[in-house]
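Peer 1: Let me begin by handing over the structure; questions about it come next.
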There are 2 protein chains.
Amino acid sequence: MAGTRRPGEFEAIARWLAPLAAKAPGALGLVDDAAVLLPRPGQELVLTLDTMVSGVHFLADDPPDLVARKLVRVNLSDLAAMGAEPAGCLLALTLTEAEDAAWLEAFAAGLGADLEEFGLALLGGDTAATPGALTLSLTALGWVPEGTAIRRSTAGAGEDIWVTGTLGDAALALALIEGRSAGRAIGEFPFLRERYRLPRPRSTVGPRLRGIATAMIDVSDGLAADLGHICETSGLAAAVAFVALPLSGEARALLDADAALAHAVAAGGDDYELLFTAKPDDAARIAAVAEETGVPIARIGAMRAGSGAEIRGLDGRPMTLEATGWRHF
Amino acid sequence: MAGTRRPGEFEAIARWLAPLAAKAPGALGLVDDAAVLLPRPGQELVLTLDTMVSGVHFLADDPPDLVARKLVRVNLSDLAAMGAEPAGCLLALTLTEAEDAAWLEAFAAGLGADLEEFGLALLGGDTAATPGALTLSLTALGWVPEGTAIRRSTAGAGEDIWVTGTLGDAALALALIEGRSAGRAIGEFPFLRERYRLPRPRSTVGPRLRGIATAMIDVSDGLAADLGHICETSGLAAAVAFVALPLSGEARALLDADAALAHAVAAGGDDYELLFTAKPDDAARIAAVAEETGVPIARIGAMRAGSGAEIRGLDGRPMTLEATGWRHF
């Protein structure tokens, strides 16, 4: 409606964002109604979309460059989980009165840095004003050879369950920040803090697992919930031992001090690691992917007939984990 | 963050939206991290994104089915302006506490009806909660044969300017609703009200103008602003006579009663008609497209060297129109 149109402001946005799209020929300089993407022969497109809302997924005073980078990386993690290589993205930026030129400049700087680092082209988008909360949606596109996209629903009974990197770092950092750990401060755990601050999508690992991973998901809702998604969609059960979960040195030190935080590792979320299933015969190929990429990959359990994801605790009994997890509707 | 996750609610959303995606094989039943789209040989993808915010682009008590349909149609209008055929879409649904099951059911019904009518597949999306305003972003994808997408920036001097349908209907309806017309009520103008209530994207006309339109845009910001975009990006001026603008019978009757409302026709917005340029030799081909589709197409002026879009009023002098218009950054 006419009263909400602020052309000067939108010109300012164009000034910060248009240069990021200049390298993408299909973006048409962001002056058109739409962008154009030329298909690659023999490849199909993978499409994903993630929304981040101020006060929900990040805090209003979080550094804008980090907000932008988290938005890009959360989407890249979804592409990696399908085995896709990054192609391009469209940004829906819904701004309040609070985001001034300095905010936009910092946001664009963070966005540009990550688009460059991960090879994702900014193809277009839309900017709108809101009386509510700052809202960011990114639609990301990736390429996979036809028929090779890795789904969640295709795990098989008897297959091994693997996970990249380490689990629980971000959730443990959040527990420290929120004072839920006995007498320990986030300042003592710089690695955990960094893991919480900025996701590290496994973009180099995901595409290399095509033809190896039988099912894959990224761990964003927490191991219990995301393994649950594989179980539910594949019609199987999963058995995992907590003792097998890969932990960082800082996570291990914190758990030694406060065993109750094991819950945060098993169900905490924001790991952005890749969780996948594979046939037992493929263990050596998985070791080779870990070697090539420098990203550790650990076997944490196995799929079997039945339903539900069970994580056995250090006492040998199934951990009781509350139901969590967004659902991509 | 864990506190904002409401699995039960998101299950409910899945119940309403998943069936809409069931027909799209690439949507993978909306259970995966991402959707898959198989390219069509010789075709390229056109991508567009539009955001609608409650209290800005629609009112909180607007019927949810109409909100959904407007969202779809605004995006379809962008695809049509590129000459593209609808392919698929991804929905970012950012909900407040106010949208209950009845709201979601009605929203999904409206969405489903328009996806069906216009042949747009729901490929995926994301749902999030917000403490702010209900926010909807749709990323729409369309197909065009390689190299035939119609841009804004490619108009030529000496070319004619054309527009589909009629202009000003939605803006005049808004003027009536807001009491800006002398003593006339919206109830007297059912056609104008319908044009305001629900955009009618020119999806059948757009693709037929490939190879005819040299530049094209959809009139969403108003004739003056959108013709201005063609001028600016093409490095040309436009000369249009108000007397040549196609008006509906109701618009003409209202203007006869209140000539000051001419401003709403020239600069009002929300027309969702196609505005394009073409070589004078192509007038007969354009008449044939109008005949085939049943959508009137009127010649309203010409492009020439210079800059700026000038609309001459009924008094023969250039109309003074305030700068308006969103910019898709």
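Nothing in this text is a laboratory measurement; each read-out follows from the coordinates by a stated rule. Keep in mind the model is a prediction, meaning the values are calculated, not measured. So basically every Cβ, Gly included, is an ideal-geometry build from the backbone, and we count neighbours across all protein chains shown.
Peer 1: Once a ≥ b ≥ c are taken as the square roots of the eigenvalues of the Cα gyration tensor of the protein assembly as shown, is the result rounded (a/c under 1.5), prolate (a/b larger than b/c) or oblate (a/b not larger than b/c)?
Peer 2: Since a/c reaches 1.5 and a/b is larger than b/c, the shape of the protein assembly as shown is classed as prolate.
Peer 1: If a/c stays under 1.5 just call it rounded; otherwise compare a/b with b/c (prolate if a/b is bigger, oblate if not). Do that for chain B, with a ≥ b ≥ c from the square roots of the Cα gyration tensor eigenvalues.
Peer 2: oblate
Peer 1: List the distances, in nm and shortest first, from the label point of A:R180 to the matching label points in every other copy, placing each point 7 Å from Cα along the Cα-to-Cβ direction.
Peer 2: Its label point is 5.1 nm from the equivalent points in the other copies.
Peer 1: Counting Lys and Arg as +1 and Asp and Glu as -1, what is the net charge of the other residues whose Cβ lies under 10 Å from the Cβ of B:L254? Could you put the intermediate results ahead of the total?
Peer 2: Numbers: positive: B:R184, B:R252; negative: B:D169, B:E188, B:E250, B:D256, B:D258.
After counting each charged neighbour, the total is -3.
Peer 1: Using a 10 Å cut-off on Cβ to Cβ distances, tally the other chain neighbours for every residue of A:184-192 and report the average as a whole number.
Peer 2: Going residue by residue through A:184-192 and averaging, the value is 0.
Peer 1: To continue, here is another question. At A:A109, with labels set 7 Å past Cα in the Cβ direction, how many nm apart are the copies from this one, shortest first?
Peer 2: 5.1
Peer 1: Next up: Which helices, taking whole DSSP H runs in chain B, have alpha carbons extending 18 angstrom or more along the helix axis plus mean Kyte-Doolittle at least -0.5? Don't jump to the answer; show the numbers that get you there.
Peer 2: On the way: long enough: B:7-21 (20 Å, 0.41); B:64-81 (26 Å, 0.41); B:101-118 (25 Å, 0.67).
Taking the DSSP H segments of chain B (at least 18 Å long, mean hydropathy at least -0.5), we get B:7-21, B:64-81, B:101-118.
Peer 1: Here's a follow-up. For the stretch B:138-210, what is the relative contact order in percent, using Cα pairs closer than 8 Å and at least 6 residues apart in sequence?
Peer 2: The normalised contact order for the stretch B:138-210 reaches 32 percent.
Peer 1: Using just the helices of chain A, give the 222 nm mean residue ellipticity in deg cm²/dmol: DSSP H runs with n ≥ 4 each add -39,500 (n - 2.57), and the total is spread over all residues, rounded to 500.
Peer 2: -10000 deg cm²/dmol, from helical runs alone.
Peer 1: Another one. Calculate the tail of P(r) for the stretch B:160-312: the fraction of all Cα-Cα distances greater than 21 Å, expressed in %. Provide the component values of the computation, followed by the final result.
Peer 2: Details: 4885 of 11628 pairs.
In whole percent, the share of Cα-Cα pairs in the stretch B:160-312 beyond 21 Å is 42.
Peer 1: Another question, if that's okay. Per residue of the stretch B:38-43, in order, report the coupling 6.51 cos²θ - 1.76 cosθ + 1.60 (Karplus, θ = phi - 60°) as ³J(HN,Hα) in whole Hz, putting x for Gly and Pro.
Peer 2: 7, x, 9, x, x, 10
Peer 1: Could you give, in nm with one decimal, how far B:R252 is from each other copy of that position, shortest first, with labels 7 Å out from Cα toward Cβ?
Peer 2: Nearest to farthest, the other copies are at 8.4 nm.
Peer 1: Pull out a ≥ b ≥ c, the square roots of the eigenvalues of the alpha-carbon gyration tensor of the stretch B:106-243, then state rounded if a/c is under 1.5, prolate if not and a/b is larger than b/c, and oblate in the remaining case.
Peer 2: Numbers: a/c = 1.88, a/b = 1.10, b/c = 1.71.
It is oblate, given that a/c is not under 1.5 and a/b is not larger than b/c.
Peer 1: Multiplying the sequence separation of A:A98 and A:E232 by 0.36 nm and subtracting their Cα-Cα distance, what value in nm do you get?
Peer 2: 44.0 nm
Peer 1: Give the long-range amide H neighbours of B:W143: residues separated by 5 or more places, or on another chain, with amide H under 5 Å away, using H modelled in the peptide plane at 1.01 Å from N.
Peer 2: B:V46, B:E85, B:A87
Peer 1: Percent relative contact order of chain A, based on C-alpha pairs within less than 8 angstrom and at least six residues apart? Before the final figure, lay out each step's value.
Peer 2: Values: 687 pairs, mean separation 71.4, N = 329.
Over chain A, the number comes to 22 percent.
Peer 1: Still on this structure, I have one more. Tell me the net charge near A:A173. Cut-off is 13 Å between Cβ atoms, A:A173 excluded, with +1 for each Lys or Arg and -1 for each Asp or Glu.
Peer 2: -2
Peer 1: Next up: Between beta-carbons, use under 12 Å as the cut-off and find the net charge around B:T214, counting Lys and Arg +1, Asp and Glu -1.
Peer 2: Residues close to B:T214 contribute a combined charge of 0.
Peer 1: Report the residue of chain B with the smallest Cβ-to-axis distance, using the rotation axis that brings B onto A, in whole Å.
Peer 2: Output: B:G132, 1.
Peer 1: Right, here's the next one. Any idea what the dipole of the protein assembly as shown comes to, in debye rounded to 20, about its Cα centre with Lys/Arg Cβ at +1 and Asp/Glu Cβ at -1?
Peer 2: For this selection, approximately 780 debye.
Peer 1: Return the percentage of antiparallel bridges among DSSP beta bridges fully within the stretch B:160-312, rounded to the nearest 5 %.
Peer 2: If we restrict to bridges inside the stretch B:160-312, about 80 percent are antiparallel.
Peer 1: Evaluate peptide B:86-95: per residue, the Cβ atoms of other protein chains within 10 Å of its Cβ; return the mean as an integer.
Peer 2: Average per residue, whole number: 4.
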